[in-house]
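Working notes for the structure below.
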């Protein structure tokens, strides 16, 4: 890549940081586009990239060993250090025969629960010795940021061996009270499942799996939680009930009964979150929290996950949080508009009752 192009990608990444953006989108024939507070903003003053320029940019910032993946599959994920403080998670992909890229800013600072407007009860899950805790939600809803806050809280308060397995590694943790090792899929381990299986021989206490994408990874994660490890991960699901169904459905039918029993015993909780535009600017999370108690464990074992939403709604005294109640509280506090809250409501009638 020529110096001009190298300077240009650097300038665009600087704009993302300066404008408080979260993402940069690049594709041939279009102006660069950044995402700020959830909205896409075209940089119309910037000239468009040619297909040849896009190809050269990807080749210049992708690790060499990842380029063969791109050639084979027309898609690749990796992390890119723009400056010492600012790293980006990059996805390169092919559209209409030419390279496109989505670059997401990974904030240097790992925030606390309070900074992120997350509920204090998440602290409880950082103190557990074993179990399985999931942070779920659609793409771009802050799951990685919440997971980083949880892991860093353990790092600050406990002397444990923490292992993260990520694709790619996002937040970089400084060792505080804990020993932390971060492994990147495709570079340090071939896949999530292999990295997880290795953890059983590495004297690990806490495991963070960046994403559970397949049967082997989920199976290994459930086993790790059952065998005395504290396991955290993410799934692209909308709520607790859907998450449980997704996990069970990953397994062959003849194994699903056994997995229900395993999950009922090992699950600690499921935290689902959505980022809502804030009236004062920026984004604020609304959330649902399922805590696995005897009632929930029975529903999981008996295949009655459709009843879980009702348990969450009626168990606020146990610390569970209902998404519609969370949205209504944000409206009452003047944090978000009722229109934005309505768009995210699970059940509009329940949401109205909470207002």
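Coordinate-derived values only; no laboratory data. Owing to the predicted nature of the structure, the values given are computational and were not obtained by experimental measurement. Note that we place each Cβ from the backbone using ideal geometry, even for glycine, and neighbour counts take in every protein chain shown.
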**OP:** May I ask for the distance between the Cα centers of segment 22-93 and segment 170-235, given as a whole number of Å?
**Re:** 27
**OP:** Figure the gain on full extension for residue 227 and residue 95 (residue separation times 0.36 nm, minus the Cα-Cα span) and round it to one decimal in nm.
**Re:** 43.1 nm
Original post:
Given labels modelled 7 Å from the Cα in the Cβ direction, how far is it in nm from residue 123 to residue 67?
Top reply: 5.0
Original post:
Expressed in nm², what is the orientationally averaged projection area of the convex hull enclosing the Cα positions of segment 238-347?
Top reply: 7.3
**OP:** Calculate, in nm to one decimal, what residue 156 and residue 52 gain on full extension: separation in residues at 0.36 nm each, minus their alpha carbon distance.
**Re:** 32.8 nm
Subject >> Ranked packing of 22-34, 103-115, most packed first, by mean Cβ within 10 Å >> reply: 22-34, 103-115
**OP:** On each of the three principal axes of the Cα atoms of segment 122-354, give max minus min coordinate, whole Å, ordered largest first.
**Re:** 51, 42, 29
Subject >> Ranked packing of 58-71, 175-188, most packed first, by mean Cβ within 10 Å >> reply: 175-188, 58-71
Original post:
When the chain is fully extended, how far beyond the present Cα-Cα distance does residue 177 get from residue 139, taking 0.36 nm per residue of separation?
Top reply: 10.5 nm
**OP:** Pop the C-beta distance of residue 36 and residue 294 into the FRET formula with R0 = 35 Å and round what comes out to the nearest 0.05.
**Re:** 0.15
Original post:
Between residue 279 and residue 18, what FRET efficiency comes out of the Förster formula 1/(1 + (r/R0)^6) with R0 = 22 Å and r the beta carbon distance, rounded to 0.05?
Top reply: 0.40
**OP:** Describe numerically, in nm with one decimal, the distance between label points set 7 Å from Cα along Cα→Cβ at residue 191 and at residue 314.
**Re:** 4.2
Original post:
Relative to the longest principal Cα axis of the chain, at what angle does helix 240-249 sit, 0 to 90 degrees, rounded to 10?
Top reply: 80
Original post:
What value, in deg cm²/dmol to 500, does the helix sum -39500 (n - 2.57) over DSSP H runs of n ≥ 4 give at 222 nm once divided by the residues of the chain?
Top reply: -11000 deg cm²/dmol
Subject >> Rounded tilt (10° steps) of 3-18 against the dominant C-alpha axis of the chain >> reply: 40
Original post:
How much FRET efficiency would the formula 1/(1 + (r/R0)^6) give for residue 249 and residue 83, where r is the Cβ-Cβ distance and R0 is 41 Å, rounded to 0.05?
Top reply: 0.45
**OP:** Treat each spin label as a single point 7 Å out from the Cα along the C-beta direction, and report the residue 214 to residue 343 distance in nm.
**Re:** 3.6
Original post:
Percent relative contact order of the chain, based on C-alpha pairs within less than 8 angstrom and at least six residues apart?
Top reply: 12
